[in-house]
1. Ala396 is checked against (1) surrounded by fewer than 18 Cβ atoms within 10 Å (Cβ to Cβ); (2) farther than 26 Å from Pro279 by Cα; (3) of a type in the set (A, V, I, L, M) and fails just one. What number does that condition carry?
2. Mind checking which residues of the stretch 1-29 are open to solvent by less than 20 Å² (accessible area, probe 1.4 Å) and among the charged types (D, E, K, R)?
3. Met108 versus (1) touching a residue at least 60 places away in the same chain (Cβ under 8 Å); (2) under 18 Å from Met263 (Cβ atoms); (3) of a type outside the set (Ser, Thr, Tyr); (4) part of a helix (DSSP H, G or I): which is the lone unmet condition?
4. Looking at Leu623, Leu592, Leu588, Leu628, which one is open to solvent by less than 20 Å² (accessible area, probe 1.4 Å), in the same structural domain as Ala487 (by the TED database) and aliphatic (A, V, I, L, M)?
5. Of all the residues that make up the stretch 52-105, how many are modelled with pLDDT of 95 or more, in a loop (DSSP other than H, G, I, E, B) and over 25 Å from Phe37 (Cα atoms)?
6. Based on what the data block shows, is Ser604 over 30 Å from Glu334 (Cα atoms) and either buried (at least 19 other Cβ atoms within 10 Å of the Cβ) or not assigned by the TED database to the domain that holds Asn474 (or both)?
7. What number of residues within the stretch 352-383 are part of a loop (DSSP other than H, G, I, E, B) and either touching a His at 6+ places or on another chain (Cβ under 9 Å) or not β-branched (Val, Ile, Thr) (or both)?
8. Out of all the residues in the stretch 428-456, which are in a helix (DSSP H, G or I) and either crowded, with 20+ Cβ neighbours inside 10 Å or among the hydroxyl-bearing types (Ser, Thr, Tyr) (or both)?
Amino acid sequence: AGLTTYFHPGINLKKIHSYSIKLYEKLEEETGQAVGFHQPGSIRIASTPTRVDEFKYQMTRAGWHPIEQYLITPEKVQELFPLLNMDTVLAGLYNPGDGHIDPYSLTMALAAGARKYGAQLNYPIQVTNLNSRSDGTWDVETPLGIIQTKRIVNTAGFWAREVGKMIGLQHPLIPVHHQYVVTSTIPEVKALKTELPVIRDLEGSYYLRQERDGLLFGPYESEEKMKLQDSWVTNGVPPGFGKELFESDLDRIMEHIEAAMEMIPVLKNADIVNTIAGPITYSPDILPMVGPHQGVRNYWVAIGFGYGIIHAGGIGKYLSDWILEGEPPFDLIELDPNRYGKWTTTEYTAAKARESYGFNNIVGYPKEERFAGRPTERTSGLYDLLKSKCSMGFHAGWEQPHWFYKPGDETGYRPSFRRTNWFDPVGREYKQVMEKVGVIDLSPFGKFKVKGTDSVKLLDHLFANVVPKVGSTNISHMLTPRGKVYAELTVSQLYPGEFMLVTGSGSELHDLRWIEDEVTRGGYKVEIENMTDEMGVLGVAGPYARQILQKLTTEDLSDGSFKFLQSRHLKLSDIAVTAIRISYTGELGWELYHRKEDSVALYSAIMEAGQKEGIDNFGTYALNALRLEKGFRAWGAEMNCDTNPLEAGLEYFVKLNK
């Protein structure tokens, strides 16, 4: 259907949308190819009070960008789209400049522009194999010969899985069936002086736009009714499949057709002249995967685009800037291909694609959780013990407690734009850690061991901070060539030349890829081991933390003996742990790294030892409140690839004499 919109619920993806639209506006002039670009604007319709809350929430984020976005009254909605039934319309979110473009013409214009500036396009041609050479370059095998290249960018749409398989990667992608319907001429549409804006009826879950003198609309049916093309996942895309379409199925979308007739009554008398059904490639979370891939040198991806038209121009620019400059032009961690891992099975991908497609138009709450495909194989040693006692959140495949239940609490997931059921319990946990002592499961942390003759040299090169001495820990940042904060890690030197690096759960492979790249580039003699899945972590924090842990060990935990930011190996209740005196809460505390299979025994021993002191659990919501009040920064919130460390208040950790 070729829809183009400035709107995106996120922050930085709006920049991608904006660049695409600005590029498409000048494509005809630049390439001489007509692209059929219409920009009548678009209106998202709110017909429930919760949806109005969502629009207000989105308006608070709109000032971040130069693009126009307005919350408009029902009267203004009707003025812009006079054919609407206004009975249920409470408000509209209006983006001038939105619209639609002809996908075929756009593709041809982009190809013409690429040729004009020296790109070589070879097609139709099949890639039969990919071979990586020892120097990091690639051989691309085709029936017409081998192409040697510095790097590969996989942009192969619904063939992306096949390309990945050639080098042993299982990209989590699945094609879904999407249908849209085109009507014949409608007299009321033909009589209009100006083109209608695109409508998105969010409760009806469809988009609708003018197509010549008729209307075109496309629904997103529920996860129970939608259809996956799963045979392509198991057997591959049928050879020769190209511009073919699927068989349409109006029954599947009938409730949405009825909703559209209710909202736009002129549809009732319109004839359907065409129903288009074709494949759209979905990733589990509906966002594309863009950038270099961990574990393979010089292999980049731009795959999994559920909305290929609006992303095309911006992603092309984003990727080429990244390739040329050696760092992303701005932060888009939500598109990092390395957010998925071995835990992303085909079953998980299918369950999530169903959910994501069905949820296309649901309300986008803050702190949103989606439950399909969970839990994955990534559960901590404490999952079975804690799952009924708390509200779990999803972090890079892991289940992690957000907050814990007590008798009288309203349990479960209750998202809202207003104060909701977790507010008082999180306050209770916050107080628990401030005044007594709390225990938190931190097992989802990304954890790497680095050792070898060049380990000190490597880390001195990678991090802006000094390398910690044996038995010490520090907070260190990896900076990009432009001086932006690519990552924040905790670095501990456990033995001479042997380090443990710890990062947030969402950054595990994002950070590992950067480290591995630097190792290759500098020829450092080191071994890196990803310990994330084998190692459990418990955090114990609060004024009584020392008192409780001291009951379980003969090691002296006093301040004089075990100082802040020191690390050592010890036994707690006969369980081997690596203890670091650090806590993201800002209170007295330790992080205890141990074998995953020891998690239950360690947790039970600590809980038992803390009965007199009133020990209790706390979750990541309370942790976040505690760290904010302490002024501890978080990567992805107060710092990322858009900020330099001085803006983020990190000068203490950055040694400018390095």
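1. (1)
2. Result: Lys14, single match.
3. Failing condition for Met108: (2).
4. Only one candidate qualifies: Leu592.
5. Number of matching residues: 4.
6. In short, no.
7. Looking only at that region, the number is 20.
8. Of everything in the stretch 428-456, those that are in a helix (DSSP H, G or I) and either crowded, with 20+ Cβ neighbours inside 10 Å or among the hydroxyl-bearing types (Ser, Thr, Tyr) (or both) turn out to be Glu429, Tyr430, Gln432, Val433, Ser455.
The values are calculated or read from the model by the stated rules, or taken from the named source; none is laboratory data. Model, not experiment: these values are computed from the prediction. Methodologically, a virtual Cβ is constructed for each residue, glycine included, from the backbone with ideal geometry; neighbour enumeration extends over all protein chains shown. What goes into the accessible areas is simple: the full protein's heavy atoms, side chains included, and nothing from ligands, DNA or RNA. Shrake-Rupley method; radii C 1.70, N 1.55, O 1.52, S 1.80 Å.
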